[in-house]
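Novice: This is the structure I have questions about; it appears just below.
The values are calculated or read from the model by the stated rules, or taken from the named source; none is laboratory data. Keep in mind it's a predicted model, so treat the numbers as computed, not measured. Don't worry about glycine lacking a Cβ; one is built from the backbone with ideal geometry, like all the others, and counts go over all protein chains shown. In case anyone asks, the SASA skips ligands and DNA or RNA and just uses the protein heavy atoms, side chains included. Shrake-Rupley method; radii C 1.70, N 1.55, O 1.52, S 1.80 Å.
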Amino acid sequence: MADRLNSRMPGAEPYAFAAALYHYDQYAGYRLISQALKYRRDFRAGKFFAGMLGERLAGSELYADVDAVVPVPLHWTRFLERGYNQSAVIAAEVAAALPSAPPVLRLLRRRRRTQTQTRLDVASKETNVRGAFGPGESAVRSAGGLHHILLVDDVFTTGATAAACHAALREAYGPSVRISVATLGFVGR
């Protein structure tokens, strides 16, 4: 699946590795997993499936050297409205399954509030998040100390959010640090 995820954003630098727990389809029951966590505060289900994702990643040598698990950050106003970041919930469970890979919540920051991506077309999604992320406080403190970052989100649709986060991480860490991505769901054709 890594090649399919990397090919979503033309001209984008490929992720070191990419993984998703399930194929997200509008008609499949799996789509309810991420929706339950994101919109209905179903932490039990979210943690269960995030733990399952973490176990699968831990069983792969491709993720054995991950040294930071980074959730896609919410803007502070959206965090105040919702009360939690679903990507941080997922990242915490994934990190618990990976040896030597703590969740690092402030490696990335959201510079500005963006529209929700759920109702935007592909081009609008990319425009919406372009430049929306930047290195956070922890990025400055950990410069030079990381080798493999795992970026975590709930669902990978067009790849616009992951690509914008990837660009911000690359800005802070340069080409020597590998950046992978993992999500609960992957929207594919």
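Novice: Sort region 103-176 into rounded, prolate or oblate with this rule: let a ≥ b ≥ c be the square roots of the eigenvalues of the Cα gyration tensor; rounded if a/c is under 1.5, and if a/c is not under 1.5, prolate when a/b is larger than b/c, oblate otherwise.
Specialist: prolate
Novice: Something else now. How much length would be gained if the chain were fully extended between Tyr84 and His23, taking 0.36 nm per residue of separation minus their Cα-Cα distance, in nm to one decimal?
Specialist: Computed gain between Tyr84 and His23 is 19.5 nm.
Novice: For region 166-180, what does the Karplus curve 6.51 cos²θ - 1.76 cosθ + 1.60, with θ = phi - 60°, yield as ³J(HN,Hα) per residue in whole Hz, taken in order and with x for Gly and Pro?
Specialist: 4, 4, 5, 5, 5, 4, 7, 10, x, x, 6, 8, 7, 10, 10
Novice: Given a 1.4 Å probe and every protein chain left where it sits, what share in percent of the accessible area of region 68-158 is carbon and sulfur?
Specialist: Of the solvent-accessible surface of region 68-158, carbon and sulfur hold 55 percent.
Novice: Turning to a different aspect of this structure: What are the ³J(HN,Hα) values, in whole Hz, obtained from phi via the Karplus relation 6.51 cos²θ - 1.76 cosθ + 1.60 with θ = phi - 60°, for each residue of region 20-27 in sequence order, with x given for Gly and Pro?
Specialist: Here the 3J(HN,Hα) series is 9, 6, 8, 7, 8, 10, 4, 9 Hz.
Novice: While we're on this one: Return the percentage of antiparallel bridges among DSSP beta bridges fully within the chain, rounded to the nearest 5 %.
Specialist: 15
Novice: When a/c is below 1.5 the answer is rounded, else prolate if a/b is larger than b/c, else oblate, so apply that to region 143-189 with a ≥ b ≥ c taken from the square roots of the Cα gyration tensor eigenvalues.
Specialist: The shape class here is prolate.
Novice: Counting only other residues whose beta carbon sits under 12 Å from that of Leu184, what net charge do I get with K and R as +1, D and E as -1?
Specialist: Local net charge: +1.
Novice: Under the rule a/c < 1.5 gives rounded, and otherwise a/b versus b/c splits prolate from oblate, where does region 22-89 land using the Cα gyration tensor?
Specialist: oblate
Novice: Let me ask another. Taking amide hydrogens as modeled 1.01 Å from N in the peptide plane, which residues meet the under 5 Å criterion relative to Ala68, leaving out close sequence neighbours?
Specialist: The answer is His148, Leu150.
Novice: Let me ask you something else. Net charge around Leu150, counting only other residues with Cβ within less than 13 Å of its Cβ (Lys, Arg = +1; Asp, Glu = -1)?
Specialist: Neighbourhood net charge equals -2.
Novice: Per Stokes-Einstein, at 37 °C and 0.692 mPa s, what whole-number D in µm² s⁻¹ belongs to the chain, with the Kirkwood radius over Cα pairs as the hydrodynamic radius?
Specialist: Answer from the Stokes-Einstein relation: 201 µm²/s.
Novice: Give the long-range amide H neighbours of Leu108: residues separated by 5 or more places, or on another chain, with amide H under 5 Å away, using H modelled in the peptide plane at 1.01 Å from N.
Specialist: Gly136
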